[in-house]
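Peer 1: Sending over a structure as structure tokens; questions will come in a sec.
The values are calculated or read from the model by the stated rules, or taken from the named source; none is laboratory data. In this text, all values refer to a predicted model and were calculated from it rather than measured experimentally. Note that each Cβ is placed from the backbone with ideal geometry, even for glycine, and that neighbours are counted across all protein chains shown.
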Amino acid sequence: MANLKELIAFEEQFGSAGRTLSRLIRPVIAARPGKTLVWGDWSAIEACVLPWLADTRGSREVLAVIDAAQKDPNLPDLYCREAAGIEGTPLDVFWDRYRAKEPAAQEARQTGKVAVLSLGFGGAVGALQNMATGYGISLTEAEAQVIVDKWRENNRWARSFWDALWAAFLEAMENPGVPYEVGRVVYLFDKGYMGGAMLCFLPDGRPLVYPQLKWKMREREDRDGNVTSKLELTYRRGYNTHSLWYGVLAENVTQATAASLLRELTTRLDPAPALVYSGVTVPRILPDYAEIVGHTHDEAIIETDDDEESVAVVQALLHKEMTRRPDWADGLPLASDVTTNWYYTKDKV
């Protein structure tokens with residue numbers, strides 16, 4: 001009982017224990033003496049990439065909201081848009097309430113954010129509740145179902161994209177060697193490669209590969225312990241077999257495209273020594289006193305000299321490069337927050 005009371009007291013002061021402890025992982029990464037860290041992350045990168053990949057009228061409306069808010073912070077952002085849609089409130093009315101710091105509107109925006117981040121890849125009640133818990137939001141199953149239904153109703157482009165990805169994937173399997181385009185990605189099935197592999201070509205030309213595609217009967221256990229058998233499409237990943245469905249396809253192309261941005265950014269900032277393309281040595285953009293020391297999901301971490309001028313140069317350079325769209329990413333909104341400190345942290349410092 002004492003331990004439970006201590007946990008409750010801890011969470012009242014610091015929030016979720018798991019979330020608090022997870023924030024302690026990053027600070028173990030620290031700069032060397034005389035150095036400091038500068039890092040940048042793309043704002044809501046998954047929420048930008050998914051509708052950009054869909055490339056439909058509905059998804060372009062979402063991108064327009066994101067782009068407008070990035071250019072003018074006095075305009076409502078995507079999370080406010082989704083919160084207003086879930087409430088059934090006109091966006092301008094909700095935005096006025098939010099800017100007035102009305103507590104209910106502040107909480108609603110957090111719910112809108114959780115909905116965007118958890119439901120974009122076909123997630124439903126379970127996915128929403130799990131992510132909401134991480135943000136300190138408690139939702140009953142009934143409350144979560146209402147949010148799921150309203151988000152999907154307000155974002156029909158997402159469901160259409162999921163269905164189109166799945167349909168194209170299956171059509172490509174039935175017609176080896178024939179490319180099937182969905183939004184900004186292309187599927188092509190090679191029956192003779194890696195035991196029958198699907199190639200998914202991303203906007204930058206890089207392929208994702210799903211080898212050894214097979215239909216298999218697999219057992220599934222629900223929350224109540226009931227086991228059922230279901231025919232599922234599977235592929236080989238490492239030493240294991242994984243199932244495919246439209247949510248996996250949507251998540252894969254989104255995360256992989258975001259990874260392409262990060263890969264291109266780090267290579268552009270600090271290419272390998274004597275890296276040559278078509279006989280031309282690629283110049284190093286970072287100054288000599290700075291170097292990339294790491295990256296995470298959507299962040300690049302640079303170590304630089306710990307003086308005001310050096311830090312300012314690296315901050316400006318990193319922001320410029322993170323908001324610079326590659327040629328293949330035309331129309332993709334990119335915004336970046338750049339932070340500096342002697343240790344790495346998720347918290348604003």
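Peer 1: Looking only at helices (runs of 4 or more DSSP H) that lie completely in the range 76-186, which have at least 1 residues being at negative phi and of a type in the set (V, I, T)?
Peer 2: Working: elements: 78-87, 91-99, 103-119, 125-134, 141-154, 156-174.
The helices (runs of 4 or more DSSP H) meeting that bar are 78-87, 91-99, 103-119, 125-134, 141-154.
Peer 1: For the range 280-349, please list each of the strands (runs of 3 or more DSSP E) lying entirely inside it that holds at least 1 residues being without any contact (Cβ under 8 Å) to a residue 24 or more places away in the chain.
Peer 2: Ranges flagged: 291-295.
Peer 1: Being of a type in the set (D, E, K, R) and more than 18 Å from A259 (Cβ to Cβ) is the filter; apply it to the range 42-65 and report the residue that is surrounded by the fewest Cβ atoms within 10 Å (Cβ to Cβ).
Peer 2: The selected residue is R57.
Peer 1: From the list S118, S138, pick out the single residue that is of a type in the set (S, T, N, Q), more than 21 Å from the chain's Cα centre (by Cα) and either modelled with pLDDT under 95 or buried (at least 16 other Cβ atoms within 10 Å of the Cβ) (or both).
Peer 2: Numbers: S118 fails: more than 21 Å from the chain's Cα centre (by Cα).
From the options S118, S138, the qualifying one is S138.
Peer 1: Also, quick follow-up: Would you confirm, using the coordinates I've provided, whether A68 is free of Cβ contacts under 8 Å to residues at least 24 places away in the same chain, surrounded by fewer than 16 Cβ atoms within 10 Å (Cβ to Cβ) and closer than 27 Å to T323 by Cβ?
Peer 2: yes
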